[in-house]
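One structure below.
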Amino acid sequence: HLKTILDNILKIKCLNAWRNYSKIRLRRKLNGLKVKQFVDKLEMRIYLRHWREELMLEQRNQEKTTLALIHWSKELARKAFTTWTQYTKEKNLKKLRYSQAMEQHKSFVLIEGLKSLLQKGTKELVQRNEKAMENAKRNEDMMFKYFTRWRRCVRFNEDVLVNKVVPLPLNLHREDKQHTKKTGGENLEILQTSVRFSNTPPIPRNEPKIPQFLTACKYR
């Protein structure tokens, strides 16, 4: 009977110990779950806080990068515009200088050509005038020479004709007068000359011809 009582007491003690152990284990488990939940929440909070900070930092960096890109693009556009304006100014200046140089070269070439042309023209004009003066002087000398020779010949022939005039008889003069009354004054001269020189031998008359340039100058 005592043995059974001791067994029962031992069983009760074991049962109480097991209950206490199970309670402690359950409590530990619950505490572990609570700790785990708390740790998870804490980790989640820390992660969310860190993610939020990173997101905010990323947004800030993105805004800064966008602002920096806008500023960089503006600066790049301004620099490109300034360089383009400088390039266009230099190009226009080069074109202007080239056009001015070409105009100066053209004017210089034109002036030199006109100078050479004027010099050549003046030389040719002087030579032409000199030749014309020489030709005019030569023509005048020739005209004077021919005119003097012609005048001498005319005077000589007039003197010869005056010295060798033959007197006509009276009968011939009467016939000439009657004939002139019938025919007229023009035939009178022909008959007089024919009768005057009919009985006389032919006289050589070296009458010179008038030069062509004298007649040309006369009819001009």
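Given all pairs of different Cα atoms, what value in angstroms does the Kirkwood hydrodynamic radius of region 1-102 take?
On the way: mean 1/r = 0.0448 Å⁻¹.
Final number for the Kirkwood radius of region 1-102 is 22.3 Å.
Region 21-164: Rg/Rh from Cα coordinates, Kirkwood Rh? Please list the in-between numbers first.
Numbers: Rg = 59.5 Å, Rh = 28.7 Å.
Taking Rh as the inverse mean 1/r over Cα pairs, Rg/Rh reads 2.07.
Arrange C14, C153 by Cβ neighbour counts within 10 Å, fewest through most, would you?
Numbers: C14 10, C153 15.
Lowest to highest Cβ neighbour count: C14, C153.
Taken together, the values in this text are just the output of simple stated rules run on the coordinates, not laboratory data. In this text, all values refer to a predicted model and were calculated from it rather than measured experimentally. Using ideal geometry, Cβ is built from the backbone for each residue, glycine included, and neighbour counts are taken over all protein chains shown.
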